[in-house]
1. Looking at Thr60, Thr113, Thr94, Thr122, which one is of a type in the set (Val, Ile, Thr) and outside the structural domain of Val187 (by TED's automatic domain parsing)?
2. Pairs please, first residue from segment 165-192 and within 16 Å of His119 (Cα to Cα) and among the acidic types (Asp, Glu), second anywhere and crowded, with 16+ Cβ neighbours inside 10 Å and at pLDDT 90 or above, Cβ atoms under 6 Å, 6+ apart in sequence or on different chains.
3. Looking at segment 1-40, which of its residues are closer than 25 Å to Arg180 by Cα and of a type in the set (S, T, N, Q)?
4. Go through the residues of segment 80-97 one by one and say whether even a single one is more than 22 Å from the chain's Cα centre (by Cα) and surrounded by 14 or more Cβ atoms within 10 Å (Cβ to Cβ).
5. Would you please name the residue that is surrounded by the most Cβ atoms within 10 Å (Cβ to Cβ), looking only at residues in segment 29-72 that are in a loop (DSSP other than H, G, I, E, B), among the aliphatic types (A, V, I, L, M) and without any contact (Cβ under 8 Å) to a residue 60 or more places away in the chain?
6. Could you list, in sequence order, all residues of segment 198-215 that are within 8 Å of the chain's Cα centre (by Cα) and in a strand (DSSP E or B)?
7. Restricting to segment 89-121, name every residue that is of a type in the set (Ser, Thr, Tyr) and in contact (Cβ under 8 Å) with a residue 40 or more places away in the chain.
8. When segment 144-198 is examined, which residues are found to be modelled with pLDDT of 80 or more, within 17 Å of Cys120 (Cα to Cα) and among the charged types (D, E, K, R)?
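The values are calculated or read from the model by the stated rules, or taken from the named source; none is laboratory data. This one's a predicted model, so the numbers in the text were calculated from it and none came from an experiment. Cβ sites come from the backbone with ideal geometry, for glycine too, and all protein chains shown count toward neighbours.
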Amino acid sequence: MPTLRDTIAEDLRTQITTGHLKPGDRLPSEPKLATHYKVSTPTIRQALALLQTEGLIEKTHGKGNFVRAPLRRITYRGGTGIPFAPDLQTAIRTTTIQARGHIRTLLKVPSNTLLTEFHCTTYEGEAPRSVARIYIPRDLAPAAQLASSSWPGSRDMDRTETQETVTARLPTPEEATALRISHRRTVLTVTRIALNSAGRVIEAALLVLPSDAADAVFTTHPTRNERETDR
C-alpha cells in the first residue's frame with residue numbers, strides 16, 4: 001500500500017510530467033504543501049527528497065524547490081572512454097600525483113609511482129554533465145596528452161585490451177558537488193582500465209554521470225572462432 005510520502009510524490013510527479021508544473025517553476029513552500037496535503041512537514045520533505053532523487057526537482061538553499069529542466073541524455077560508448085551528447089564542452093585540469101590505494105591497485109604499479117591525473121568535467125552550457133578522473137603512469141602521459149585535445153586518454157597508444165565495470169550507486173559528496181546534484185540521486189559509474197600488448201595497464205579511468213540522464217552502449221564484435229562456429 002502506498003505511503004503518504006509516495007502518494008504526495010506521485011501527485012507532484014504527475015503535475016510535472018503533464019506540464020501543470022513547468023521547468024523553472026518554484027513549488028509552494030514546505031509548510032504550504034503540508035497544509036495542502038494535510039500531512040506533517042517531515043512527510044513533505046520525504047516526498048520532495050524522492051523527487052530530487054529522480055531528478056525532477058532541485059532544491060536551492062534559501063530559495064526553495066524548483067522543477068528541473070529535463071537534460072538531454074548522454075551516451076557513453078563502451079571502449080571509447082568518452083561521454084557524448086550534442087554541444088558538450090570539456091574542461092581539463094592536469095596534476096601529478098603518487099599512486100596510492102585503489103588507483104595503485106587498478107594500475108598495478110608500486111606505491112608512490114608518479115602518475116598524471118586528468119580531471120575532466122563535461123558541460124552543457126553551464127550545467128556539469130559528467131566528471132572523470134583519468135590516471136596514466138607519468139612516463140606514458142606525454143603521448144596520452146597528445147592523443148586528444150578534447151578528452152585525454154590512451155586511444156592512440158599501444159592499447160590492445162579494455163576492461164570496463166559499470167555500477168549504479170549514490171554519489172560521493174565530492175561527486176554530488178561537482179555535478180550539482182542531490183546526494184540522493186543515483187549516478188552511473190564506469191571504471192575503465194586499458195592494457196597494452198605486453199599486458200601493462202597504461203590507463204585507469206573513473207567516469208561518473210547522473211544515471212537518469214545517461215545511457216551506456218557496448219558493441220561486441222564476434223571473434224573469428226565464433227564466426228566460424230556460427231556457420
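1. That would be Thr60, the only listed residue that is of a type in the set (Val, Ile, Thr) and outside the structural domain of Val187 (by TED's automatic domain parsing).
2. Note: pairs meeting the criteria are Glu175/Val208.
3. Matches in segment 1-40: Thr14, Gln15, Thr17, Ser29.
4. Yes, segment 80-97 contains at least one residue that is more than 22 Å from the chain's Cα centre (by Cα) and surrounded by 14 or more Cβ atoms within 10 Å (Cβ to Cβ).
5. Ranking the candidates gives Leu56 first.
6. Leu207, Val208, Leu209, Pro210, Ala214 - these are the residues of segment 198-215 that are within 8 Å of the chain's Cα centre (by Cα) and in a strand (DSSP E or B).
7. Scanning segment 89-121 gives Thr90, Thr94, Thr96, Thr121.
8. Glu174, Glu175, Arg180, Arg192
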